[in-house]
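Participant: Input: one structure, supplied below.
The values are calculated or read from the model by the stated rules, or taken from the named source; none is laboratory data. Small disclaimer: the values here were computed from a predicted structure and weren't measured. Don't worry about glycine lacking a Cβ; one is built from the backbone with ideal geometry, like all the others, and counts go over all protein chains shown.
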């Protein structure tokens, strides 16, 4: 059977890593413990938590495993002493499987073995960074926060707080990576100095900047406060920067089931669109007013431009839109409607109804929404009777 820990998939979905207590998934599984398995769409299932020489684990896997986007690197934490040579600390360690090379190594170790266990928090999509927690005294941890990052390319462990530009309080779980940003993190700070109270504020660090994005009510210690979660499913950031949190406390007034739930704390990039697809305007109105809306997203500053396209009405003669377009932008953490207008030119000619279109383009951060074209109908205000020159009727 599968464990309750969530599986992890490669970007293309062709490889999935998961935990199972089943002994029938691969031949030779006789250890009687939960194991880590890799399902490959082309080659089937193989066991991951075995040594490079094939020796089985002699204890249970500690928690869920994670796989890199390319499907080649898998990390997991495990208490077995049979996976690598020299593992004699009797604690939970972190391991890295290279699928292509069929190798297994212990990672995030100081010069000597740790004397306390480590737990996996998150593995970055590119397989370069690993967040974990550990109380081992062998790690440099100036504030005793027990939160660390292991960087694969340099085989280096750093206290997470040393990688953050602003930590106005005690750094606590949950923490997570910001996708596609080598210096991006979601992290939680206890901003209450009272040792008997916890006031968690969730921060996001990205592109050299930092901002608070969510505050929770003050709660008593110990840390069974508003966010109680398992290490592997506590906090995650999607590729569009939406922030999700696993929790068992009522983050809204309708949540009273006292069960583990998932909440969207912070939306993603969002979508930009017009508020309407067609609009009528009198030729003598002076301008046509409309709105550009950013919805379902607030992450990062975003912008889009409105461009004009001729129909039976011509730009410069019947309406006026700069070739650079009309800029519409939203600040970081901001969504909603922004009013814009386009000048309408009254040419004093009887021409009937003329049309042109406005389109959204040059999207920055924000994504295209549903209504990205607005048709404008200019209703002629000139008399319909035509006065002919003498000699005509």
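Participant: May I ask you to verify whether residue 74 is surrounded by 22 or more Cβ atoms within 10 Å (Cβ to Cβ), in the same structural domain as residue 92 (by TED's automatic domain parsing), under 21 Å from residue 87 (Cα atoms) and in contact with a strand residue (DSSP E or B) (Cβ under 7 Å, 6 or more places away or on another chain)? Show your work before the answer.
Facilitator: Values: surrounded by 22 or more Cβ atoms within 10 Å (Cβ to Cβ): yes; in the same structural domain as residue 92 (by TED's automatic domain parsing): yes; under 21 Å from residue 87 (Cα atoms): yes; in contact with a strand residue (DSSP E or B) (Cβ under 7 Å, 6 or more places away or on another chain): yes.
The answer is yes for residue 74.
Participant: Just checking, how many residues over region 33-51 are part of a loop (DSSP other than H, G, I, E, B) and at pLDDT 95 or above?
Facilitator: Final tally of qualifying residues: 7.
Participant: Let me ask something additional. Which numbered condition in (1) modelled with pLDDT of 85 or more; (2) closer than 20 Å to residue 206 by Cβ is the only one that residue 273 fails?
Facilitator: Every listed condition holds for residue 273 apart from (2).
Participant: All but one of (1) without any contact (Cβ under 8 Å) to a residue 60 or more places away in the chain; (2) under 20 Å from residue 66 (Cα atoms); (3) not assigned by TED's automatic domain parsing to the domain that holds residue 236 hold for residue 116, so report the exception by its number.
Facilitator: Condition not satisfied by residue 116: (2).
Participant: A further question follows. Kindly indicate the residue of region 233-242 that is within 21 Å of residue 65 (Cα to Cα) and surrounded by 20 or more Cβ atoms within 10 Å (Cβ to Cβ) and also modelled with the lowest pLDDT among those meeting that condition.
Facilitator: If we filter region 233-242 for residues that are within 21 Å of residue 65 (Cα to Cα), which is where we start, we get 233-239.
Next cut, surrounded by 20 or more Cβ atoms within 10 Å (Cβ to Cβ) only: 234-235, 237.
Working: 234: 72, 235: 83, 237: 86.
Per the criteria, the residue is 234.
Participant: Among residues belonging to region 148-170 that are crowded, with 21+ Cβ neighbours inside 10 Å and touching a helix residue (DSSP H, G or I) at 6+ places or on another chain (Cβ under 9 Å), point out the one that is farthest from residue 180 (Cα to Cα).
Facilitator: The first filter runs over region 148-170 and keeps only residues crowded, with 21+ Cβ neighbours inside 10 Å, leaving 148-150, 157, 160.
Going one step further and asking which of them are touching a helix residue (DSSP H, G or I) at 6+ places or on another chain (Cβ under 9 Å), we end up with 148-149.
Values: 148: 19, 149: 17 Å.
Taking the candidates together, the pick is 148.
Participant: Between a first residue in region 297-309 that is farther than 17 Å from residue 184 by Cβ and a second residue that is part of a loop (DSSP other than H, G, I, E, B) and modelled with pLDDT of 95 or more, which pairs have beta carbons less than 6 Å apart while being 6 or more apart in sequence or on different chains?
Facilitator: 305/325; 306/325; 307/325; 308/321
Participant: Then there is this: If you scan region 190-206, which residues turn out to be without any contact (Cβ under 8 Å) to a residue 40 or more places away in the chain and in a strand (DSSP E or B)?
Facilitator: Narrowing region 190-206 to residues without any contact (Cβ under 8 Å) to a residue 40 or more places away in the chain: 190-201, 203.
Passing the criteria: 190, 197, 198, 200, 201, 203.
Participant: Can you find even one residue in region 128-140 that is at pLDDT 95 or above, surrounded by 15 or more Cβ atoms within 10 Å (Cβ to Cβ) and assigned to a loop (DSSP other than H, G, I, E, B)?
Facilitator: So far as region 128-140 goes, yes, one or more of its residues are at pLDDT 95 or above, surrounded by 15 or more Cβ atoms within 10 Å (Cβ to Cβ) and assigned to a loop (DSSP other than H, G, I, E, B).
Residue by residue, here is whether (1) under 23 Å from residue 380 (Cα atoms); (2) surrounded by 14 or more Cβ atoms within 10 Å (Cβ to Cβ) holds:
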residue	(1), (2)
285	yes, yes
288	yes, yes
305	no, yes
319	yes, yes
323	no, no
338	no, yes
345	yes, yes
349	yes, no
